[in-house]
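The block underneath contains the structure these notes are about, expressed in structure tokens.
The values are calculated or read from the model by the stated rules, or taken from the named source; none is laboratory data. Just so we're clear, the structure is a prediction, and the values are computed from it rather than from any experiment. In this analysis, Cβ positions are derived from the backbone assuming ideal geometry, glycine residues included, and neighbour counts consider all displayed protein chains.
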Amino acid sequence: MSPTLRIHFLVDCGEICERYPDGCADCWKDRLLRAGIPLRDYVASMEQIQGEDIEGSRDLIYRKYQDVLNIKSLMVLTKGGVCVYNHPVTGAGMDANLVAGFLQANIAFSQEGVREQLPQPAPADGGGKAGLDFALLDRDAVLSFDAPASPEQASADTSQNLVELNYQKFVLLVHEALHIRSVLVLDHQPSFSLRNLLVSFSSYFERVYGEALAQFVGEVSLFEDARVIVEKVFETDLLFPYSAVLISPTDQSALGSLEQLVYKSGLDRTQTSGFFFIGSLVEELKGMLQKPARDIVHDIYELVKKEYFVPQQLETAAKYIEEVRTQRAEREKAASPTSAMYGKAEAEEIQALNEELKTISEKDAKNRFKKYMAAAAARLEIGIHADAMRNYELARVVAKQMAMSREIEQATTKIQQLKDTVLMLEYNNAMKLAVTAEKGKEWLKAVQHYTACKKLLIDGFGYDAGDKRVKEIDRRIGNMQVKVR
């Protein structure tokens, strides 16, 4: 008699599937048969994961986190091969045109029969020329969002393919949707859940941008907000900087023992640095507590769901560091006995000068003006810009109080010139620090300095957000975001 086996499957299919629940048993039977496991008779039963089934929950959440780490980038191509959206996740963006060309040639060829061949493995070291390496995947798409809008769309969805290819040292997972081709660039083989998520993404993208795709004439900026879809479907915000919010002692005591330790560690990091990354927190606690990574990731995920840990944009983290540095510098300056000698003229000093000017002659006022202008020039000569600005401002106060129009114009011109000089010095210095940090792979520091450059261009020089230089800085910040995650 053939042996009877009891097999439990931990199913991580999408949230919505038109075959659920009646077709689940047949679905898994088909998968086992395609995997080469013969079945004669079988009886299937389904069990929902109960709240106390922590093991299954931990596995699912840890696999979800591993899936996010596996994604290097995501691309959306038209059927004509034009890349309309490119979203780096954990790696720098690949050349979308090269990938599109590779797919156009190879997928067209695969449709003529190559798909039925056995896949040829890629070189073990990932080197060499990218070759043809197809592995036909499941045809039955499982959607994680709303069902297709029409029966025709549902019918079309079930006939679409997921195709897996080797490209250089990466794995490309390609979903052929109705109007687009969604591509995940991965470090290694995708999980079944990740395949489902890619189908979900395609469905969501086409519903949101259906009209834009139908009328597409090359304007890819229409799809810039698709990052919201990426974050919703793939939960890429797990790679963002996080901060812990303060909660009541009652809420804290309601947490499990490991959750409390994870929360306190995240709160400590938030109070010290302003933010933390899940990956670094997991590594620290794994060694400290001698707990499996999946247990720690599970509890972090639970704290995120409860909004005790909240994601932050990388620019926010960099801004926090800049604010801390500025506050520290101000405290040091206030404590310094020489601080009163330099810097912008204070209101009290200006008020006292105005009172004094009421009692002196025009000749003395002109001499005072010349004295301030000479002091400013002397400070500029040795590079003390702050004190030069202070003296120019005092000179202008004298000129205004005594109604000396030529001197007012002279002082105002010097002040504007000095402001422009200081802004340019600050910009060049910040850019130099940003480039140096980027070359040294100090990604967060690079973002901090690039953000300072952007602020100077917009607030100081009056550039628009759409200016070429501002957009270039935004692009560099985006690359740093990917690398720091």
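Per-structure values
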read-out: Flag if Val245 is aliphatic (A, V, I, L, M), closer than 17 Å to Arg207 by Cα and modelled with pLDDT of 85 or more; value: no
read-out: Some residue of the range 463-474 being surrounded by 14 or more Cβ atoms within 10 Å (Cβ to Cβ), out of contact with any Phe, Trp or Tyr (no Cβ under 8 Å at 6 or more places or on another chain) and touching a residue at least 40 places away in the same chain (Cβ under 8 Å); value: no
read-out: Residue selected from the range 149-192 under the condition among the hydroxyl-bearing types (Ser, Thr, Tyr) and at pLDDT 85 or above, by the criterion surrounded by the fewest Cβ atoms within 10 Å (Cβ to Cβ); value: Ser191
read-out: Residues being of a type in the set (S, T, N, Q), over 18 Å from Arg63 (Cα atoms) and part of a helix (DSSP H, G or I) - total across the range 180-227; value: 3
read-out: The range 193-214, subset aromatic (Phe, Trp, Tyr) and crowded, with 23+ Cβ neighbours inside 10 Å, residue nearest to Lys79 (Cα to Cα); value: Phe205
read-out: Any hit, the range 456-470, residues being of a type in the set (Ser, Thr, Tyr), part of a helix (DSSP H, G or I) and either assigned by TED's automatic domain parsing to the domain that holds Ala347 or under 30 Å from Pro241 (Cα atoms) (or both); value: no
read-out: Tabulated pairs, the range 362-379, first within 11 Å of Ala395 (Cβ to Cβ), second modelled with pLDDT of 85 or more and of a type in the set (Val, Ile, Thr), C-beta under 7 angstrom, 6+ apart or interchain; value: Ala365/Val398; Arg368/Val398; Phe369/Val398; Tyr372/Val398
read-out: Residue among Lys441, Lys432 that alone is within 43 Å of the chain's Cα centre (by Cα) and not in a helix (DSSP H, G or I); value: Lys441
